[in-house]
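Worksheet for the structure shown next.
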Amino acid sequence: MRHQDFRVRQGTERVGRAAGRLTAEGLLHVIWFGRVALVTGVLLAGLLVWGRTSPETSTVTTVSFAVAVLFTAWSAWHVHIQERAPSRWFLYTQLVFDTVLVTVVVHVTGGAGSAFAALYIPIIAAAAILLPLPGVGIIGALSGGLYLADAIWTQAGEVLSGAILLQVGLFGAIAGVTGLLGDRLRRTGTALGEMESELERLRLDLSDILGSVSSGILTVDEQGRLVFLNPAGEALLGFDARQWVDAPVLEAVGRVSPQLVDHLQRSLSAGDPLYRRTAEVNRNDEVITIGVATTVRDVPGEPRAVTAIFQDITDQERLAMLDRQNERLGAVAELAASMAHEIKNPLASIRSAVEQFTSPRISDEDRQKLTRMVVRESDRLSRLLSDFIDFTRVRVGTRETVEVNGLVRDVLAVAGQHPDAERRAVALRAELPSSKVHLFGAPDILHRAIFNLVLNATQYSPVGGEVRVSVECLDGMRGTPDVGVERPLRIQVEDEGPGVPEEEVSRLFDPFFTTREGGSGLGLALVHRAVEAHHGVVLVENGPSGGARFTMYLPGAESEPNVERADG
């Protein structure tokens with residue numbers, strides 16, 4: 001057996017024995033007090049009428065008082081001085097003694113007609129609490145038997161009355177009912193004890209697990225009071241959990257990590273968990289980065305609570321930054337190689353044409369063809385360089401508030417005048433929230449990114465097709481995809497074209513990758529850079545209609561989700 005199991009079992013047995021001993025001792029104190037009070041009262045009553053009682057009665061009363069006091073003193077000495085737990089036989093002895101004592105009192109106070117005969121009932125009830133079911137039967141039978149024997153002795157052979165027999169039957173019935181109730185109570189107590197033992201074991205196991213994990217675990221209720229903070233969390237936040245249990249702790253945590261408090265409050269207010277969030281912790285003049293995820297306990301009828309699980313990811317962030325730097329250097333090298341390749345072909349054509357110009361045998365017709373080729377390749381180089389300059393200039397400087405609905409309408413108005421849209425007779429449709437939605441960013445860069453998506457969708461749409469642009473604020477909505485964007489605003493562009501082959505999805509945003517004849521391969525790469533510059537995410541998939549669907553998630557503000565349809 002593991003030490004943990006032994007500790008739980010030993011602690012539970014100790015608690016169970018202490019609880020059982022406390023219950024028996026409490027009832028024994030009542031029995032002892034009642035016993036001494038009974039014999040004292042009978043003795044005092046006998047003294048008041050001592051001259052009118054027989055010597056036999058006086059002797060029995062005096063002896064009963066002395067024996068009862070001595071027996072009670074011994075019982076108290078046994079339990080309190082010797083500190084022995086009341087055993088089963090000790091309890092039997094107490095109850096049998098009291099049954100005999102009540103019988104003596106009944107005998108000296110009138111026999112079967114004595115008012116003290118009712119004292120058998122509390123003794124039977126006490127037996128139901130202290131003894132198992134057979135023991136209750138024994139005490140009940142002893143009470144009825146002694147009462148009946150005393151009645152027979154007192155009436156000296158006379159016919160017993162029905163009241164006496166009814167009294168004996170009542171004792172038996174009380175013994176049966178109270179015995180069954182006591183047995184049921186003990187069974188219930190045993191079951192509860194086993195459940196408490198299991199809960200205690202689980203609690204200790206959970207405490208050991210939470211105490212040994214390296215991640216911090218912080219739980220607060222909806223009033224911001226601290227419910228739980230494990231040792232790893234104490235070390236990361238620099239807190240002593242014992243000083244903050246059941247006390248408002250968010251303000252104190254906010255002084256160390258405002259972002260962690262913001263994550264907790266967002267989960268509490270929305271009732272939704274958060275994943276893959278980061279926060280900074282200012283601890284002892286050192287700033288560390290923690291990764292945060294939250295879970296929410298939202299049980300009807302109980303106060304809401306949120307748990308944050310966090311760990312130090314400072315080293316991982318530094319390594320990730322180095323990886324991103326290496327990736328950027330690799331991307332620059334790859335981009336330079338791709339650019340050189342794209343420029344090499346037009347330059348080769350122009351050089352070949354220039355070399356042919358110097359030939360004396362070239363005809364005027366060939367000279368015109370070569371001239372047109374030089375102009376065409378020069379225009380191609382110019383477009384390529386213009387697109388490349390746009391691609392390299394995607395940087396967000398000063399941000400300003402951008403009203404997204406108006407931005408989308410402007411994009412659709414410009415895209416609708418593009419030759420590709422007019423030639424293909426493509427309809428542009430917008431699905432916009434009825435209320436305004438905003439985000440902070442560079443309007444020109446956002447306009448260019450959305451325009452490139454709409455133009456790309458137009459160029460791949462069939463003649464007479466439709467391109468749909470939708471805007472939706474997802475902040476606080478249940479079921480929002482976790483893309484790591486704060487207050488996500490979703491902008492979707494969907495066409496009715498052939499869709500995107502699965503093998504091309506991973507390369508679709510690479511610079512100079514294109515499947516369209518005459519394309520530079522920088523339009524979607526520009527979209528990707530623009531979205532990343534705004535700390536957003538852009539995804540591509542095939543929509544329900546079979547066409548491509550591009551989805552941008554950008555950090556936005558709250559807006560009403562009601563949708564209106566408008567032509568772009």
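Bear in mind that the values in this text are calculations on the coordinates, not laboratory data. Here the structure is a predicted model, which is why all the values come from computation and not from measurement. No Cβ is skipped: glycine too gets one built from the backbone with ideal geometry, and neighbour counts run over all protein chains shown.
Size descriptors for the stretch 71-113, from the alpha-carbon set: Rg then Dmax equal 13.6, 41 Å. When you filter the trypsin sites (Lys or Arg not before Pro) in the stretch 347-376 for DSSP loop state and at most 10 other Cβ atoms inside 10 Å of their Cβ, you are left with Arg361. Fewest neighbouring Cβ atoms within 10 Å first, the residues Val105, Val60 line up as Val60, Val105.
Phi angles of the stretch 408-422 translate, via the Karplus equation with coefficients 6.51, -1.76, 1.60 and θ = phi - 60°, into HN-Hα couplings of 5, 4, 5, 4, 5, 5, 6, 5, x, 8, 6, x, 5, 5, 5 Hz per residue; Gly and Pro are given as x. Gain on full extension, evaluated as 0.36 nm per residue between Arg399 and Ser269 minus their Cα-Cα distance, stands at 44.0 nm.
Footprinting exposure proxy ranking of Arg35, Arg399, fewest other C-beta atoms within 10 angstrom first, gives Arg399, Arg35. Karplus-derived 3J(HN,Hα) values for the stretch 435-445, using 6.51 cos²θ - 1.76 cosθ + 1.60 with θ = phi - 60°, are 9, 6, 10, 10, 8, 9, x, 9, x, 5, 5 Hz; glycine and proline are entered as x. Mind listing the phi-derived Karplus ³J(HN,Hα) values for the stretch 459-473, rounded to whole Hz, using 6.51, -1.76 and 1.60 with θ = phi - 60°, and x for any glycine or proline? Karplus values, whole Hz, x for Gly and Pro: 5, 9, 7, x, 4, x, x, 9, 10, 10, 10, 10, 10, 8, 8.
Legend: ranking of residues Arg255, Arg487 from fewest to most surrounding C-beta atoms inside 10 Å; resulting order Arg255, Arg487.
Counting Lys and Arg as +1 and Asp and Glu as -1, what is the net charge of the other residues whose Cβ lies under 15 Å from the Cβ of Ala128? Charge balance near Ala128 sits at +2.
Proximity of backbone amide H atoms, modeled 1.01 Å from N, is registered between Thr278 and Val292 at under 5 Å, excluding neighbours fewer than 5 places apart on the same chain. Taking amide H as placed 1.01 Å from N in the peptide plane, the amide H of Val437 sits under 5 Å from that of Val404, Asn405, each at least 5 places away or on another chain.
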